[in-house]
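Working notes, structure below.
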Amino acid sequence: MMAKLLYGSGLRLMECVRLRIQDLDFEQNLIYVRAAKGGKDRTTVLPATVKEDLKQHLIWVKQIHDKDLKDGYGETLLPIALIKKYPNAGKEFR
């Protein structure tokens, strides 16, 4: 799937590795690339050939995330200031 994303959208390898769920816009078929080459943000296309596979993958990963949270895991470490401002941010599926 990563190879299809790289080829179909023109992403660089590290851009693909750093993608987050919130960077994908399935409705407009866009990928938002944050801090790309030169530290700039850019957008690129979300290839139609990957769209359905990616949606299914996200459903599967969400199930794993929910199970991990239920079992007491699945939380990420955040800076203290962010924990105070957004107490549940470390557990969100974003």
Q.
Which numbered condition in (1) in contact (Cβ under 8 Å) with a residue 12 or more places away in the chain; (2) surrounded by fewer than 10 Cβ atoms within 10 Å (Cβ to Cβ) is the only one that Pro79 fails?
A. (1)
Q: Report whether or not Ile21 is closer than 20 Å to Arg94 by Cα, in contact with an Asp or Glu (Cβ under 7 Å, 6 or more places away or on another chain) and of a type in the set (Val, Ile, Thr).
A: no
Q. For Tyr73, are the conditions met, namely being at pLDDT below 95, among the hydroxyl-bearing types (Ser, Thr, Tyr) and within 19 Å of Phe93 (Cα to Cα)?
A. yes
Q. Which one of the conditions (1) surrounded by 14 or more Cβ atoms within 10 Å (Cβ to Cβ); (2) at pLDDT 95 or above; (3) over 15 Å from Met1 (Cβ atoms) does Leu24 fail to meet, given that it meets all the rest?
A. (3)
Q | Residue list for the stretch 48-76, restricted to those being touching a strand residue (DSSP E or B) at 6+ places or on another chain (Cβ under 8 Å) and free of Cβ contacts under 8 Å to residues at least 24 places away in the same chain | A | none
(Q) Just to confirm my filter: which helices (runs of 4 or more DSSP H) fall fully inside the stretch 1-85 and include at least 1 residues that are in contact with a Cys (Cβ under 9 Å, 6 or more places away or on another chain)? (A) 2-9
**Q.** Any hit, the stretch 41-50, residues being surrounded by 10 or more Cβ atoms within 10 Å (Cβ to Cβ), under 12 Å from the mean Cα position of the chain (by Cα) and at pLDDT below 95
**A.** no
Q: Determine, yes or no, whether Leu19 is modelled with pLDDT under 95, surrounded by 12 or more Cβ atoms within 10 Å (Cβ to Cβ) and aliphatic (A, V, I, L, M).
A: yes
Q | Checking Arg42 against (1) basic (Lys, Arg); (2) touching a strand residue (DSSP E or B) at 6+ places or on another chain (Cβ under 7 Å); (3) within 18 Å of Met2 (Cβ to Cβ), the condition it does not meet | A | (3)
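The values are calculated or read from the model by the stated rules, or taken from the named source; none is laboratory data. Everything numeric here is computed off the predicted structure, so don't read it as measured data. We place every Cβ from the backbone using ideal geometry, glycine too, and count neighbours over all the protein chains shown.
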